[in-house]
Amino acid sequence: MARPTRAVAKSAPQAAEAPERVAVRKTYKIYIGGGFPRSESGRSYVVRAADGTPLANAVRGSRKDVRDAVRAARAAFPSWDARTAMNRGQVLYRVAELLEGRRDQFEAEVGQAEGLSAGEARAQVDRAIDRWVWYAGWADKISQVLGTVNPVAASYFDFTIPEATGVVGVVAPEGSSLLGLVSRLAPVLVGGNTAVVVASESRPLPAVTLSEVLATSDVPGGVVNLITGLRKELVPPLAAHMDVNAIDAWGVPAEMVAAVEEAAIENVKRVARAPRGGGERIDWLDDRAAQRPEWIAAFLEMKTVWHPIGV
Amino acid sequence: MTTSRDHTVTKRPASDAVGRGTASPSSWGFGDGQAIPWEYAPAPESREIVKLQSRYGLFVGGKEIAPRSGQWFTTLDPATEEPLAEVARAGVEDVENAVAVARRAFRRSWGELPGRERAKYLFRIARILQERSREFAVLETLDTGKPIKESRDVDIPLVAAHFWYYAGWADKLDYAFPGRTAQPLGVAAQVIPWNFPLLMLAWKIAPALAAGNTVVLKPASSTPLSALLFADVCRQADLPPGVVNIVTGPGEIGLALVKHPDVDKVAFTGSTAVGKQIGRAIAGSGKALTLELGGKAANIVFDDAPLDQAIEGIVNGIFFNQGEVCCAGSRLLVQESIAEPLVEKLKDRLATLRVGDPLDKNTDVGAINNAAQLAKIEELIEAGVAEGAELYQPACDLPERGYWVRPTLFTNVAQSHRIAQEEIFGPVLSVLTFRTPDEAVEKANNTPYGLSAGVWTEKGSRILKMVKELRAGVVWANTFNRFDPTSPFGGYKESGFGREGGLHGLLAYVRLEDR
């Protein structure tokens, strides 16, 4: 496997003399409304590889960043939701195409972040891309699986169709920096929702790179917004935000779950909970366990429509 | 009200164009909102069929038992304020007992019973409810104050239909969710409101039992009697003891029930405020939760709507069950060009509504369910007047005793008025106007609620456009307030989550496992 040359590592080379070529390091930013602002807070925190090596300074987002992200997500919702299902599917498939082109970069980042061998990291990245394809294909099928025509005992045509819930806060899984995030984010998007993502706190860099992929894909700005930082600072304002319709709590640490659910009920948010024992115990590489139409349904509303049958 | 006689389940004409509308007083020249110049002879339904006990204990483990709390409360007939019976006021220890009994039944009998056997118990229950339908209708009307023609033609037929529908699912769960096995959750704690006591019981108990759960249900404190009579149906059906348990008492007992650590599933129908309280109380517990909460539905009438049908739909939308309906069409949005004639017609129609004895078969609008609710409705009517909306109430005599509100119409209502924002849960309609479809959508969606909406227009493409844009869980087009066990019902936004009815209603009571 060809590791990219220090594309992500900020740790200074050991050599005493200057290298032949000084690497251009990347500043990892947050992604809001299609742009890459710095945090309004002007803060950052050091992200380390699994072995403790410092990798980069990531943005330490603030509650104001959360609010900005929610506003962007809300603004992007009507047109994303109004896309035809086929178009949404194509736009999401395009993300997989771009991910494929960045396999090497993701492999390096995921490997460093999670302390995986090259082969293990490659498996994670490949599965993430394939999972994105799997969900993209659901865009124009989920209505047919979840929708019903209801045989009411009267002269009415009555049917039920799924619709997007709205703005969804996604607290990404802490451990699986790319595959876990993709597994939770893709089902939110395919149903027509827009998202505000709190990336893995300790392993945020692959998520930021994913946001760079999204920014250059056909996914409109604001559909996905991604903030890095400390969970204890970002999750409470996200869970309490009155313009967020649902929250994916898979990545919420156990000690924060009760507080998140308490905050979420204030505007009757839908909460997608990790299974008992926590979301980290799932094997993200296992397709049967980690890609499910129910996860799309968790962020959909069912709308029932009645009309009389007559002349 | 006219349309209530042709609710779902009963056989009905092909459209909502109910013939009576053409014979309305307005077309006869009495279009000035005056009381109609004729009287109906009383047509009271006999209450003989109901044999009330003087006291009702709790229904736990298949038996009626005295509350360990040793306390009782009285339930009233809201039409007369006369006591109907004494009912056990459960204490925390009674809740503990009921949950323990439900858990035992889940482990030992019900949870292990094959679906085909559960199905037969549910079919039995449906049949017994049909056989005893008149008794239930009269009892429901006595305890709630709703007109007998509604309890007889809407509530009780829907109750039986609901058990019937879910009975058939009990042995077909393998086909309900592709690729997944549906497992019961365990013990369900269910707390229901007073507006449709037996119907809400059916919406809660039927899918829970079909999926193999056992339940502890707490009816509203002002309407416990039909649930306690349902206990007798369970006994007649030889339902294994402990599968259905009913504990009566105030709201704090409901809270104790949902908080009980051995409860796996919580289902609540009621106000948004209490729904949030329940959500807070069980936060972090891992219990499955579904909520069916308040609403402030917009009923939108376009200028090309069939006006007479729309009038009937509007009346049904807000005066059905005295407007004590979470999905009531309490905000009427009328396209400006037809606002004047529509309001005139509406006033004429209101003048024909018969308000009074709920047991009278001609009554359209019955009694408000309880004194607290009456006070709330009156307070909001006063607020409407104080904020500058224009009040209209037809002249009609109200009985001297009991809890009554005249059918009430407010015009000149602004979106900021409390009567346009808050759920009144009474026979009070606020009329607002709009010019364009976009404005109608914006006003309709301008609420934290999202339970239901109505659209009246002859233009099909406009219906479908409105259906798409209205953020509500149920949209009635050229009709209103229709319900059916096969039809999923539930809210967007702060009107709750989860669905009741249909396949989606089953999902609320199962855990899906990989096959």
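The values are calculated or read from the model by the stated rules, or taken from the named source; none is laboratory data. Predicted model, so just to flag it, every value in this text is computed and none were measured. Every residue, glycine as well, gets a Cβ built from its backbone with ideal geometry; the counts of neighbours run over all protein chains shown.
For this structure, a couple of remarks:
- Check on A:VAL182, over 22 Å from A:TRP138 (Cα atoms) and either away from every other protein chain (no Cβ under 14 Å) or part of a loop (DSSP other than H, G, I, E, B) (or both): no
- Looking across the stretch A:269-291 at every residue that is outside any loop (DSSP other than H, G, I, E, B) and in contact with a helix residue (DSSP H, G or I) (Cβ under 6 Å, 6 or more places away or on another chain), the one that is nearest to the other protein chains (Cβ to nearest Cβ) is identified as A:VAL271.
- The number of residues in the stretch B:231-285 that are among the basic types (Lys, Arg) and either closer than 21 Å to B:ASN97 by Cα or in contact (Cβ under 8 Å) with a residue 60 or more places away in the chain (or both) comes to 3.
- Any chance B:ASP153 is surrounded by fewer than 24 Cβ atoms within 10 Å (Cβ to Cβ) and touching a His at 6+ places or on another chain (Cβ under 9 Å): yes
- Considering the stretch B:432-515, the qualifying strands (runs of 3 or more DSSP E), each wholly inside and each with 2 or more residues that are more than 9 Å from chain A (Cβ to nearest Cβ), run over B:452-456, B:510-514.
- Residue list for the stretch B:419-453, filter: acidic (Asp, Glu) and crowded, with 21+ Cβ neighbours inside 10 Å: B:GLU423
- Flag for A:PRO204 being away from chain B (no Cβ under 14 Å) and touching a helix residue (DSSP H, G or I) at 6+ places or on another chain (Cβ under 7 Å): no
- Single residue of the stretch A:147-169 satisfying the filter (without any contact (Cβ under 8 Å) to a residue 40 or more places away in the chain and more than 8 Å from chain B (Cβ to nearest Cβ)) that is farthest from A:LEU189 (Cα to Cα): A:VAL149
- Of everything listed in (1) more than 14 Å from every other protein chain (Cβ to nearest Cβ); (2) among the small types (Gly, Ala, Ser); (3) touching a strand residue (DSSP E or B) at 6+ places or on another chain (Cβ under 7 Å), the single unmet condition for A:ALA249 is (1).
- Index of the failed condition, B:ASP303 passing every other in (1) part of a loop (DSSP other than H, G, I, E, B); (2) without any contact (Cβ under 8 Å) to a residue 60 or more places away in the chain; (3) within 13 Å of chain A (Cβ to nearest Cβ): (3)
- Looking across the stretch B:70-86 at every residue that is part of a loop (DSSP other than H, G, I, E, B) and touching a residue at least 60 places away in the same chain (Cβ under 8 Å), the one that is surrounded by the most Cβ atoms within 10 Å (Cβ to Cβ) is identified as B:PRO78.
- Matching residues in the stretch A:297-311 - criterion: being at the interface with another protein chain (Cβ under 8 Å from one of its Cβ atoms) and either under 15 Å from A:SER143 (Cβ atoms) or buried (at least 20 other Cβ atoms within 10 Å of the Cβ) (or both): A:GLU301, A:MET302, A:LYS303, A:THR304, A:VAL305, A:TRP306, A:HIS307, A:PRO308
- Residues that are among the small types (Gly, Ala, Ser), in a loop (DSSP other than H, G, I, E, B) and more than 14 Å from B:GLY491 (Cα to Cα), drawn from the stretch B:263-283: B:ALA283
- Count - residues of the stretch B:181-236 that are over 18 Å from B:GLY254 (Cα atoms) and among the aromatic types (Phe, Trp, Tyr): 1
- Criterion: surrounded by fewer than 23 Cβ atoms within 10 Å (Cβ to Cβ) and either within 12 Å of another protein chain (Cβ to nearest Cβ) or part of a strand (DSSP E or B) (or both) - qualifying residue of B:GLY313, B:GLY286: B:GLY286
- Any hit, the stretch B:171-181, residues being in contact (Cβ under 8 Å) with a residue 40 or more places away in the chain, buried (at least 24 other Cβ atoms within 10 Å of the Cβ) and more than 14 Å from chain A (Cβ to nearest Cβ): no
- Any hit, the stretch A:213-220, residues being surrounded by fewer than 24 Cβ atoms within 10 Å (Cβ to Cβ), of a type in the set (Ser, Thr, Tyr) and more than 14 Å from every other protein chain (Cβ to nearest Cβ): yes
- Residue match in the stretch A:130-144 (condition: within 14 Å of chain B (Cβ to nearest Cβ), at pLDDT 95 or above and assigned to a strand (DSSP E or B)): no
- Looking only at residues in the stretch A:25-49 that are among the small types (Gly, Ala, Ser) and under 22 Å from A:LYS232 (Cβ atoms), the one that is surrounded by the most Cβ atoms within 10 Å (Cβ to Cβ) is A:SER39.
- Condition check for B:GLN71: over 22 Å from B:ALA208 (Cβ atoms) and at pLDDT 95 or above: yes
- Failed item in (1) without any contact (Cβ under 8 Å) to a residue 40 or more places away in the chain; (2) more than 16 Å from the chain's Cα centre (by Cα); (3) buried (at least 24 other Cβ atoms within 10 Å of the Cβ), with B:TYR492 passing the rest: (1)
- The residue list A:GLU294, A:GLU266, A:GLU261 contains one member that is acidic (Asp, Glu), surrounded by 23 or more Cβ atoms within 10 Å (Cβ to Cβ) and facing another protein chain (nearest Cβ under 8 Å), which is A:GLU261.
- Selection status of A:GLN112, over 18 Å from the mean Cα position of the chain (by Cα), surrounded by fewer than 22 Cβ atoms within 10 Å (Cβ to Cβ) and farther than 30 Å from A:ASP81 by Cβ: no
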